[in-house]
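Just below is one structure, and these are the notes that go with it.
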Amino acid sequence: MFRICLLTLLALIVTGSHVAAKTTIEWWQFWTDPSVKPTIRAIVDDFEKANPDIEVKLTDLTWANGHEKIVIALASGTGPDVLELGSDWIAQFAATGHLRDLSEHLSPDSNESQGYGMATYEGRLYAKPWILGTRVMFANRDLLTRAGYNPEFAPATLDQFKQAAFKITALDKEIYGWGSNAAEKHRLYKKYLPFFWSQGAQIFTDDKRYCVLSSDKAIKALQLYKELHDSCGYVANQRGIEDAFLDGKIGFLISGDWLLKRIELEQRNINLVSTLFPGLKFPGRSFQGGEFLAVNAASDQAEAAMKLIDFVTSPEAQVRFCKANRSANPSSKQAQQDDYFQTNLHLQTFIKQMSMVRHPPVDPDWVYIENAIEEAVEEALFGSGLPAEALRQARQKIAELKQK
């Protein structure tokens with residue numbers, strides 16, 4: 001009897017050891033919205049079913065303090081195996097050696113996904129594109145009709161857009177042609193840069209040696225932005241201008257796919273136009289950003305972490321996520337062909353805009369560069385400075401920063 005019990009005990013120990021051998025990886029992510037989080041959890045559950053030897057610990061972050069938590073964890077040599085990162089953060093963490101180089105695993109030339117440029121730092125890839133984002137031009141069709149435009153009109157050039165905005169402003173003292181952002185941190189510069197890029201301006205020269213933020217093209221872009229702001233702008237924070245737009249008070253504004261989500265959830269009745277950002281002669285260039293998945297350089301489970309990343313960024317999982325979040329821009333080109341996107345004209349506008357975008361430089365100092373640009377726009381719109389002088393001062397700040 002003693003021998004039988006002993007053998008049973010040994011069998012339990014062996015079995016227990018086998019269970020304990022399961023690989024556990026941790027993923028830090030930001031999608032905590034009750035309408036989205038269950039889908040994230042379901043995707044992870046399906047991954048675990050397909051990979052029974054891997055267990056995923058899911059940890060939620062918030063945009064209020066998530067970046068700070070990541071900084072502290074990576075600096076201490078700890079943190080999760082898989083990180084969700086905003087596109088602006090990749091260079092910061094790659095430059096300090098905290099992200100695993102994924103160049104050998106990823107295939108940016110395969111034409112399967114968009115967004116790899118934002119994950120490339122000094123010629124190496126440090127993250128995989130997941131859900132991307134851009135901005136498009138929205139307009140109120142009823143106001144355009146009242147201003148004398150035919151039902152098919154959408155501005156293709158900046159001149160056409162400016163003329164239409166001024167005509168809408170002339171309709172009534174309570175009507176504004178343009179929704180102009182207030183001095184709201186991390187937002188205002190994203191509204192200026194589409195004007196900037198659509199004029200053909202650049203932040204740095206192609207070789208990245210010199211800052212050219214105060215070029216003639218950049219000045220012309222800020223002058224146009226200021227003219228719209230001063231002459232026909234309804235000025236408020238992002239939520240405020242979107243509220244006014246949905247209430248029929250604004251003709252044009254720049255926004256992201258979250259506006260479509262608002263219209264659907266709030267059952268707003270608006271004769272909506274979505275169109276590509278206008279340029280000089282043809283559609284211009286809009287802002288590109290996005291969410292990426294990266295592997296912590298300190299992780300000892302890189303293979304399992306990469307399996308999770310590949311699963312989450314698969315076309316099927318991206319469509320599933322986008323439907324839950326009503327997102328317009330999966331990075332996967334195969335996902336973009338799903339009926340969910342192909343049958344919605346407004347989502348198609350976002351898909352088309354993603355082929356005509358620019359993204360900020362992949363630079364470890366981007367947070368400071370962004371701040372200098374944003375301060376220049378604020379000074380031109382709300383201060384006493386002229387656009388040319390505001391941009392000159394910003395260029396000088398950035399040049400001094402890059403010389404350090």
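No lab work stands behind these numbers, since they all come straight from the coordinates. The structure displayed is predicted, hence computed values, not measured ones. Cβ atoms come from the backbone with ideal geometry, glycine included; neighbour counts cover every protein chain shown.
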From the list (i) 174; (ii) 159; (iii) 301, can you say which value of volume of the Cα convex hull per residue in Å³ was derived from the structure given?
(ii)
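Taking Cα pairs under 8 Å and at least six residues apart, what relative contact order does the chain come out at, in percent?
About 24 percent, as a whole number.
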As straight-line cross-link partners of residue 22, the qualifying lysines (C-alpha separation under 22 Å, not fewer than 8 residues apart within one chain) are 49, 57, 307
As a test, work out the antiparallel percent of DSSP beta bridges whose residues both lie in the chain, rounded to the nearest 5.
60 percent
Would any residue of the range 252-280 have its amide N under 12 Å from a label point 7 Å out along Cα→Cβ of residue 170? List them or say none.
none
Taking the alpha-carbon centre of each part, the distance from the range 77-110 to the range 200-233 in Å is 31 Å
Helix 315-325 vs. the chain, principal-axis angle (Cα, 0 to 90°, nearest 10):
60 degrees
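Which value, in debye to the nearest 20, gives the size of the charge dipole of the chain about its Cα centre, when Lys and Arg are +1 and Asp and Glu are -1 at the Cβ?
640 debye
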Options 143, 202, 96, ranked by Cα towards positive dipole end of the chain, top entry (Cβ charges):
143
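Please arrange 178, 130 by how many other C-beta atoms lie within 10 Å of their C-beta, fewest to most.
130, 178
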Could you give the angle, 0 to 90 degrees to the nearest 10, between helix 302-312's Cα long axis and the longest principal axis of the Cα atoms of the chain?
50 degrees
Can you tell me the 0 to 90 degree angle between the C-alpha axis of helix 37-50 and the longest principal axis of the chain, rounded to 10?
40 degrees
Distance between the C-alpha centers of the range 287-353 and the range 379-404? Whole Å please.
36 Å
Charge context of residue 79, other residues only, Cβ under 15 angstrom, K/R +1, D/E -1:
-3
Pairs 37/249; 261/404; 128/162; 37/352: which exceed 32 Å Cα-Cα?
37/249; 261/404; 128/162
Theoretical ellipticity at 222 nm over the chain - DSSP helices of four or more residues, -39500 (n - 2.57) apiece, nearest 500
-13500 deg cm²/dmol
Once you've got the GNM for the chain with C-alpha springs shorter than 10 Å, pick whichever of 344, 65, 271 has the biggest mean-square fluctuation.
65
Suppose R0 equals 35 Å. What FRET efficiency, 1/(1 + (r/R0)^6) with r the Cβ-Cβ distance, do residue 371 and residue 111 give to the nearest 0.05?
0.50
Can you put 198, 255, 231 in order of Cβ neighbours within 10 angstrom, beginning with the fewest?
231, 255, 198
Please order 331, 35 by the number of other Cβ within 10 Å, starting at the fewest.
35, 331
